[in-house]
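Beneath this line is the structure, given in structure tokens, with notes to follow.
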Amino acid sequence: MKLSTAASAIGMLTGVWAVGGSLADGISRGCPSGAPCGTTPPWNFYVVALSVLLFLNSLVTLVGPRITFYASAVLSVLLGVSMIPNSSFVNPVVLIAIGLVVLTFATSLVAVRRRAQISEQSNPMNLPVFG
């Protein structure tokens, strides 16, 4: 598996995990300032929107130009920052989501910097010299 494909897959997994965790469990679902809530707090619109954008961008990175990995890195940072308020860090869903965000950021930066290497045998400068 190529690194760019793995980075795209990790970005898609991060997007799906963050949407699911925000809508179903506990990403950014705490009460402001630690105040007790009478009802279940609503989901954070920004987390869901950034997660969907990260998922869609990761789909584009599969077939699109390498520069789209920069967008994945930026979206993952924004997603991580938007998850921090009102999240409970004892919740394993939140911890996994933050770990996936960090992994998406790192693999996106490595994937955009990685270039296809020409082997020494395939290099056009290694043609035989006659004569």
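Look through L3, L13 and report the one residue that is more than 19 Å from A97 (Cβ to Cβ) and at pLDDT 80 or above.
Numbers: L13 fails: more than 19 Å from A97 (Cβ to Cβ).
Step by step, each of L3, L13 is checked, and only L3 is more than 19 Å from A97 (Cβ to Cβ) and at pLDDT 80 or above.
Examine the range 37-44 for a residue that is surrounded by 14 or more Cβ atoms within 10 Å (Cβ to Cβ) and either modelled with pLDDT of 75 or more or within 14 Å of L100 (Cα to Cα) (or both), and state whether such a residue exists. It would help to see each step written out before you state the result.
Initial filter on the range 37-44 (surrounded by 14 or more Cβ atoms within 10 Å (Cβ to Cβ)): 41, 43-44.
Narrowing further to those that are either modelled with pLDDT of 75 or more or within 14 Å of L100 (Cα to Cα) (or both): 44.
Yes, there is a match, as at least one residue in the range 37-44 is surrounded by 14 or more Cβ atoms within 10 Å (Cβ to Cβ) and either modelled with pLDDT of 75 or more or within 14 Å of L100 (Cα to Cα) (or both).
Would you call S72 at pLDDT 90 or above, closer than 15 Å to V19 by Cα and touching a helix residue (DSSP H, G or I) at 6+ places or on another chain (Cβ under 6 Å)?
no
The values are calculated or read from the model by the stated rules, or taken from the named source; none is laboratory data. None of the values given here were measured: they were computed from a predicted structure. In this analysis, Cβ positions are derived from the backbone assuming ideal geometry, glycine residues included, and neighbour counts consider all displayed protein chains.
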